[in-house]
Amino acid sequence: MKITQQGFQQNLIGSTDDFRKRRMIVLVATAAWVMSFFSFLTVLYFKDPGETITQTLAYPEAFRLALTSFCGMFVSLLAIFLTRVMKNTWLAGTLISAGLFVLIILADDFSEIAGGRSTFFFSIPIFISAITMGPSSTFGFAALTSLILFLRPGGITTVNVYAVPAAWILSLAIWLATSTMEKAIQTAQQEASRVRAMLGVVSHELRTPLGSISGYADLLLLDKGLAAIQAEMAARIKSSTMHLIDLVNRLLDSAYIQSGKLVLKPVSISIDSFFDTLAEQASRQAGEKGLEFIFQKGEIPAILFMDPLRLRQIVSNLTDNAIKYTEKGKVILKVQTSKRNLRIIITDTGVGIPKQELPLLFQEFTQAQHYATREYGGVGLGLSIVHHLVKLMRGSITVESKVGVGTSMTVTLPLQEA
C-alpha cells in the first residue's frame, strides 16, 4: 500500500491541473456511461411477457427511465469527446456536472424532488463540479439546487427545510476540501520545480570542471613513465570522473524532461549500423563481467527517421541496467518490427524485481527495495529518463520480471521510415 500511495502522490504532483481534470472527467464520464447503460437495461423490468419494447415504453415510468439513460450515455460520450479530442476541460466539466444535475431531475418525479431521492443525489454534481471545474463552482450548483427546490410544484411552504441548507453546507465542505488539496498540490509543484531548476544549474556548473579532470586524467594515462601505482590511481580518477559525468548528464536530462525543454531531433539513421554499434559496446561490457551477450535482429527497415541520441540513450540505459543487475547468465538484446512499430526487447537472467515494486520502477530517484542496499550503485534516474523519452517518442514500455529468474523490458516505438 505504501508503494501505491507514494506512486499516486508523485503522479499527482508531477501532473498539471489540466491533466488531472481531464483524467477525472474521463473517469467520471466513463462511470456515468456504464451506470446509464445498466439503468437502461432495467427498462426490461417493466416489460411483460409477449409485450414489445414499444408497448413497454408507453408506460410513463419506463419512458422516463429510457430517456434518462439515453441522455446519460450521450452526455457521457460527449464529455469524453470534449476532453480527449477538443481538450476543453472546462466545457466538458460543465457538461458532465450540469448533465448529471438534469438527469437527476428527470429520473425523479419533479413534484417529489424536495422529499425524494433527488435531494440526496444533488450532492453528486456538486462534488463532481468541484473536481472538474474548480472548487468555486460548488456554490453555483448549490444555488441551482436551491432554485430548483424553491420552484418545484407545491411552493416554498412545502419545501423540505433541510434540503437547501444541506446543499450549501455540502458545497462549503467540498469547497474547503478541494481548495486545500489544490493549494497543497500547487505548493508541492512549485517546490519540485525549484529543486529541478537547482539540479539543472548545479549539474551544468559541474560539467566544465569534471571535463577538465577527465582530460588531465587522460594526459596522465598517456605518460609511459608513470609507476604502476600512479597509473592505477590515474585510471581510478578517470573511471570516477566518467561516473560523475554520466550522473550529471542524467540529472540534466531529467531536469530538461521535467521542465518540458527537451525536444526530439529526428534524422535519417541506418538501423543496422546503429544497433550493431550498441550491441558491440554492450557485448564488451557484459564480457567484462563474464556474462554472455546475445544480439538478435529481425527484419527491420534499413533507414528510419528517429532521434539517434535519444534512441541510443534508451537502449544503452536498458542494456546497462540489465548487465548491472545480472551476476551470471546472459543478457539478450532483440530488435524487430511488428505492425508498423519498432520493438526493442532486453532480457536478462538477473536478480529480478518483486511484483509489488514494479509500479515505482519508473519514478525518479527510486529503486526497487533490494537494490537500495547500494550494492549496485545508481540513484534511480536511468529508467525514469527512459520512460519519459519513450513517452516523448509516442511509444510504450512494459516490464515482466520474476525474482531470481530475471527481467524482460519491451520498448515499442512507432516506425517512421525516412
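The values are calculated or read from the model by the stated rules, or taken from the named source; none is laboratory data. Worth saying up front: this structure is predicted, and the values here are computed from it rather than measured. Methodologically, a virtual Cβ is constructed for each residue, glycine included, from the backbone with ideal geometry; neighbour enumeration extends over all protein chains shown.
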If we ask which residues in the stretch 264-295 are under 17 Å from GLN313 (Cα atoms), touching a helix residue (DSSP H, G or I) at 6+ places or on another chain (Cβ under 9 Å) and aliphatic (A, V, I, L, M), their number turns out to be 6
Here is a list of conditions, (1) buried (at least 17 other Cβ atoms within 10 Å of the Cβ); (2) modelled with pLDDT under 80, and ASP18 meets all of them except one; can you say which number that is? (1)
Is it fair to say LYS261 is of a type outside the set (Asp, Glu), closer than 22 Å to SER384 by Cβ and in a loop (DSSP other than H, G, I, E, B)? yes
Apart from one, (1) farther than 22 Å from SER396 by Cα; (2) touching a residue at least 60 places away in the same chain (Cβ under 8 Å) all hold for LEU262; the odd one out is (1)
Report yes if some residue within the stretch 369-386 is modelled with pLDDT of 90 or more and either surrounded by 19 or more Cβ atoms within 10 Å (Cβ to Cβ) or touching a Leu at 6+ places or on another chain (Cβ under 9 Å) (or both); otherwise report no. yes
Could you check the stretch 36-58 and list, in sequence order, the residues that are surrounded by fewer than 16 Cβ atoms within 10 Å (Cβ to Cβ) and touching a helix residue (DSSP H, G or I) at 6+ places or on another chain (Cβ under 7 Å)? PHE37, THR42, LYS47
Would you pick out the residues in the stretch 297-329 that are surrounded by fewer than 16 Cβ atoms within 10 Å (Cβ to Cβ) and either within 16 Å of VAL403 (Cα to Cα) or under 23 Å from the mean Cα position of the chain (by Cα) (or both)? GLU327, LYS328, GLY329
